[in-house]
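Notes for the one structure printed next.
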Amino acid sequence: MKKLFFAFAMLLFVLAACEKEPSPNDRLNEYVKLWDKNNFNKMYNEYLSSSVKKEFKPEDYVDRYPKVYKDLEISDLKVTYKKLGEDDFKKKEKVSIPLQISFHTMAGNVKYEEKVTLKKEEKDDKSNWYIDWKPSLLLPGLEKGDKIKPVTVSPKRGEIRDRNGSELAVNGEVFQIGVIPEKMDGHDAEVKKQLASLLDMSEKEIDQKLNASWVKPDLFVPIKKIPSTKEDLVQKLYELPGVDKQNAEGRVYPFGKAAAHLVGYVGPITAEELEKHKGKGYTESSVIGKRGLEQVFDEQLRGKAGETISIVKPDGTEKVIAENKVQDGKNISVTIDGDLQTKIYNEMKGNAGTAAAIHPVTGEVLSLVSSPSFDPNDFALGVSSKEYAKLEKDPLQPLINRFALSYAPGSAIKPITGAIALENGTLNTSSTKTINGKTWGKGGSWGDYKITRVHETSGPVNMQTAMIYSDNIFFAQAALDMGGDKFVKGLKNFGFAEEIPFTYPLKKSQVSSDGTLKNDSIMLGDTGYGQGQMLTNILQLATAYTPFINSGNMIKPYLLLDEKKTGLWKEHVISSGTAKSISTMLRQVVADPRGTGHGANLPNRALAGKTGTAELKSSKGEKGKENGVFVAYDSNKKDLLIAILIEGVEKGGGSKLVVQKVANIFK
């Protein structure tokens, strides 16, 4: 009997628990969890009070607020509150609970306090607590009838200027060319035909713009932006009835083609770029640096957009609830000398090649040129497919940035080979080699392979004479005498086979494809005079000459004016005695009438330097394309060092062509 009574009592207890009065704490907790998941549908249907549902239809709540949360980029929602004691809600039909609400938005963090009211209602013969919802639970101060206004303010992109303050990339004025349809006076077909030709567009593209839904006969219809420098084009456009222009803001590159590869340009971000830079603040409407300094320093230049979230009342008054101030991009000043950049580019015009100019004592990079080039102003405004195809098909390949590439240095490496030999003691300045004829081969494993020199000398040849005549055989033998390991170590001391410590990404140099040179090998001999598999970018070649000016120390090149001047990349690359000896030889390469660089012997400049010709061929016996090189500096002033490489000089005078160009720049 006792067991039966106990079982009956337990049943009554369970039933009593099931019939326990619902708690507003539990309901609010469930609601907040749904709120955190943006489950507005369930929040509306299962948790809002009847009076709220009468005032706010599903489209006012379920449809609107998920979109608001997405547009405002609301995340990290946190809702905290103090739970009510049982006495606070027992036998009550309505309760109020203070909430602390915080979340993150596109315009920053929002944190505020608001009270939520819960009502007890009967639904489906069951009593429960329901949220007496109000808009201010979503955004502080929001009321029915208010509008939510998000505003994004684009930052002003930072400008790029040279060492003298000259503009390399600035926010300037461009021309927006457009058409006022009613002013074409019935000549629509002819105007569109000529407009398409002048703007390098298709008539179909123009029709698409003129047929847009918003277009009216008396409205200016934008067709294409063009650089404000194209005044001749504007005059031709003005001759067409209905065609007009408006001034517009745009990115402007005053140095045009001369600095295009260095400065680069900006353009609308692509889907691939957006994915690559995910999480860095870019949007589908962002402009991004496409190449050059615009790309390298895009993070600093672009700034940070400003965002504001406001509530607009029916009377037009606004209340800001979150704001991130716009941060304009940082201006950048570089060590480049715009006038020198233009002078070098103009000197190279018509030739494919590259150049670097540096201050050999401070390390300031004064010029980086790639020729031929393109107009970055056209690219920033949207180059036409026709113009782009023309550039792509140009045999001189103007879209390639040559100063970022690596080339065989040719005989311009001989001063470095000579310096390494002097440091290793395998040669001294008075050492001589007796070489007969224009060709020489080691025999044995070399077979019938022979190294050729341009000038035949008789009798013993020392290093200075070999440098003056640019004797391939002398420097091949110098490398062979050292052996592969010592020569590679010496080249690495000069920075070859290392990444050059420079802000702008450049192709890494190499000694050979695997970084080694075997003793007595053809590769070792060829590398001694700048052939083989040795490659270097033009700036690194220029930098490698600075130990001859700085008592054996190699400077660190730098590009930003405010960059900390660390001064040296490598100390004591060679001894001061070796540096002085090589520098004397380089002066004679120019000063001596027999020297390959004599064409640069100027009356007002004591130029020192070394020429080079690198032959590019795929097989023995083949006559290949030749690149001419000349590295030169003023041995007295020591304020400018220039390295220039011109491709395809075999039909234009060889390295003499390059010597003349360098001389013209120094004049």
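The GluC sites (Glu not before Pro) found in the stretch 62-126 that occupy coil by DSSP, while having at most 11 further C-beta atoms within 10 Å, are Glu93.
Taking a ≥ b ≥ c as the square roots of the eigenvalues of the Cα gyration tensor, an a/c ratio of 1.5 or more together with a/b no larger than b/c marks the stretch 146-201 as oblate. From its DSSP helices (H runs of at least four residues, each -39,500 (n - 2.57)), the chain gives a residue-normalised ellipticity at 222 nm of -9000 deg cm²/dmol.
Could you compute the net charge surrounding Val629? Neighbours are other residues with a C-beta less than 14 Å from the C-beta of Val629; K and R count +1, D and E count -1. With Lys, Arg at +1 and Asp, Glu at -1, the net is +2. Each other residue within a Cβ distance under 10 Å of Ser470 adds +1 if Lys or Arg and -1 if Asp or Glu, for a net charge of +2. Once the Cα-Cα distance is subtracted from the 0.36 nm per residue extended length, the Glu73 to Asp60 segment shows a gain of 2.8 nm.
Note that the stretch 94-109 has calculated 3J(HN,Hα) couplings of 8, 9, 10, 10, x, 10, 10, 10, 8, 6, 9, 10, 4, 9, x, 7 Hz, one per residue in order, obtained from phi through the Karplus relation 6.51 cos²θ - 1.76 cosθ + 1.60 (θ = phi - 60°); glycine and proline are x. For the chain, the relative contact order is 11 percent, taking Cα pairs closer than 8 Å that sit 6 or more residues apart in sequence and dividing their mean separation by the residue count. Every Cα-Cα pair in the stretch 405-666 was counted, and those over 29 Å apart are 24% of them.
Taking other Cβ atoms within 10 Å as a rough exposure proxy, Leu391, Leu422 sort from fewest to most as Leu391, Leu422. Across the stretch 277-378, Cα pairs under 8 Å and at least six residues apart give a relative contact order of 18 percent.
A full extension of the chain between Ser50 and Asn171 corresponds to an added length of 37.8 nm, given 0.36 nm per residue minus the alpha carbon distance.
Relative protection proxy for 576-586, 142-152, 454-464, from highest mean packing down: 576-586, 454-464, 142-152 (other beta-carbon atoms within 10 angstrom).
A simple count of charges around Gly595, restricted to other residues whose Cβ falls under 11 Å of its Cβ and scoring Lys, Arg +1 and Asp, Glu -1, yields +2. Kirkwood Rh over alpha-carbon pairs of the chain, then Stokes-Einstein at 25 °C and 0.890 mPa s: what D in µm² s⁻¹, rounded to an integer? Translational diffusion coefficient: 79 µm²/s.
The modelled label-to-label distance for the pair Gln660/Glu86, using points 7 Å beyond Cα in the direction of Cβ, is 10.5 nm. For the chain, the longest principal axis of the C-alpha atoms and the axis of helix 655-666 are separated by about 70°. Along the charge dipole of the stretch 160-324, Cβ charges K/R +1 and D/E -1, which of Val296, Tyr238, Thr270 sits furthest on the positive end? Of the options given, the answer is Val296. For the stretch 578-651, applying the loop criterion from DSSP together with a ceiling of 13 other beta carbons within 10 Å to the GluC sites (Glu not before Pro) yields Glu622. Note on the stretch 405-666: dipole from Cβ charges, positive end direction compared against Ala579, Ala606, Trp569; the farthest Cα belongs to Ala606. With a simple spin-label model that places each label point 7 Å from the Cα along the Cα-to-Cβ direction, the separation between Asp207 and Phe220 comes to 2.7 nm.
Pairs exceeding 27 Å between alpha-carbon atoms, taken from Lys230/Lys330; Lys37/Lys290; Lys414/Lys580: Lys230/Lys330; Lys37/Lys290. For Lys126, the aspartates and glutamates whose Cα falls under 17 Å of its own Cα, not counting residues fewer than eight places away in the same chain, are Glu19, Glu21, Asp26, Glu46, Glu93.
A short reminder: the numbers here are calculations on the coordinates, not readings from a lab. Given the structure is predicted, the values throughout are model-derived calculations rather than measurements. We place every Cβ from the backbone using ideal geometry, glycine too, and count neighbours over all the protein chains shown.
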